[in-house]
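The values are calculated or read from the model by the stated rules, or taken from the named source; none is laboratory data. This is a predicted model, so every value here is computed, not measured. Note that we place each Cβ from the backbone using ideal geometry, even for glycine, and neighbour counts take in every protein chain shown. For the accessible areas, the whole protein counts, side chains as well, though only heavy atoms, and no ligand, DNA or RNA atoms are used. Shrake-Rupley method; radii C 1.70, N 1.55, O 1.52, S 1.80 Å.
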Amino acid sequence: MENSRTNLTDHVNLVLPPRKNQSPMRERRAFPTKAISNIIPRKNKMESLKDNMMTISSDEFENNIMADAEEFSQAIQQQDCGTHKVPEDDFKAVAYKQEWNEVSKLPADYIRREDMEIKDVAMKHVLPFLPGKSLMKFRAVSNEWNHWIVCPLLAYQQSTSFQKLSGYFYQVVDVDFQSDPNFLSLDHSANGIPNPSLGFLPERIKVLSSSSGLLLCQGLESYYVCNPLTEDWKCIPPHQYYHGSDPAVIPAFDPQGNIESYFHLVVAVPLLDQPVVFFEIYSSQSNSWSRSSSECLELEDTTLVGGGLYMKGMAYWSTTSNGVLAFDVKNEVAAVLRVPIPPGRYGALTQVKDELSYVTVYNDCGDVFMLDIYGGMDMSLNHSVCINLGHKKSRQTLEEDPFIDNGTVLCSVLPCINSGDDIVVICTTERIYLYYLSGQKVETFMTPGQLNPKRRFIPYTNSLAAIHDLKN
């Protein structure tokens, strides 16, 4: 009897195949050895039973059958999930793991699509496209929203998704840092910042330029990179070369695919009394400065205009000779783009149709202003636009205003980077105009004081971009 029972319960490492229509999520599992011995084809089972009946009595046979049944039942109960009911003529059914049970729980903040509500859709898919000030207001909606808005992941998503012009930092450029910066918001309810004078920085500063929500400022001896919305800032270590009192330096920050928020500072340094410009580059990843091997020998009898522009991996500076100095930050290659504009007319670098353009404006007569837009590889004149800004002034005002010459209104184009909308920003003595090229629509804002040639306007995007700690 003992030998027969041993043959019947040999240790077999077997996994029974699933049914043909079984769900792919069901997991195949091996039954305990004793349990498998009870799930065998009926023919083999009957032959084994016949052998047993020849050697054991009916009482012993019945006791063995009951013991095997109890072992099989216990084995099934020990499984941590459901099982199929085993049919009489089908022994291919196996235990499977349920799709949703205590063992396979997803993260607590994960919401399945079928369980999403409108508030969940707004939180995950709408908030990243809003300006930073609006997000700060929405922290009061609920604890869940507050937790998500202060999450670094949302800061990364918002900095890559929201790339629209929010306003301008403006400041009178002087050597003694006597003038504090201020902020002109294009939408006070959505694009404001808590401290327009940047008083959270350790010293008085001069605003130099910006890139994707990060602002570059200059102190008496140091550069500072800050986010004026979150008031995070870092002091940049000393550079190797003399950059001058009004340096041509641009922050190069690409948030897309850059979750560590690494950035560069690119400085175009002209040699004294030489028509040579070399480049010094700071990397936040290494927290160090280095001199580029590239030099520009094409700029003669010209100076660089501070407050350049960075877009698509390229740094750009305007020059007093109506040229544009371009520098590829990744490959460290410099070039000069000549803009064929009439002498005595100046413009500004701006983004039109997702490309770099050089735009000039002048008052033709009365309320009529002419926009000339240059672009392309050769910076040729793409098209001219005649617009009526409705700049109505009385004859007495025309005679008394020092910024109006023979009835012509002095005006200038402000630098602009704006993803999605093609905007040209025009500044006159009394107002700032936003002209939408695609819809030919004009929005008007009051100018912060009279037009001052020494006042510099820096375009800014209301972003949650993070500034991580720098290496020592």
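Summary of computed values
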| item | result |
| --- | --- |
| Rounded accessible area per residue of region 280-339, 1.4 Å, Å² | 44 |
| Region 189-251, relative contact order in percent, only Cα pairs under 8 angstrom and at least six apart counted | 28 |
| Residue-normalised accessible area of region 139-188, given per residue in Å² at a 1.4 Å probe | 49 |
| Relative pair counts by distance (%), Cα atoms of region 253-333, 5 Å bins | 3, 13, 25, 25, 17, 9, 5, 2, 0 |
| Carbon/sulfur fraction of accessible area - region 279-399, other protein chains in place, 1.4 Å, % | 48 |
| Of Lys164/Lys441; Lys353/Lys441; Lys133/Lys312, those spanning more than 24 Å from alpha-carbon to alpha-carbon | Lys133/Lys312 |
| Carbon and sulfur %, accessible surface of region 136-254 computed with the full protein complex present, 1.4 Å | 51 |
| Check: region 247-334 dipole with +1 on Lys, Arg Cβ and -1 on Asp, Glu Cβ, in debye | 280 |
| Dipole in debye (nearest 20) - region 223-380, about Cα centre, beta carbon charges: Lys, Arg +1; Asp, Glu -1 | 180 |
| Probe 1.4 Å, accessible area per residue of region 194-253, Å² | 37 |
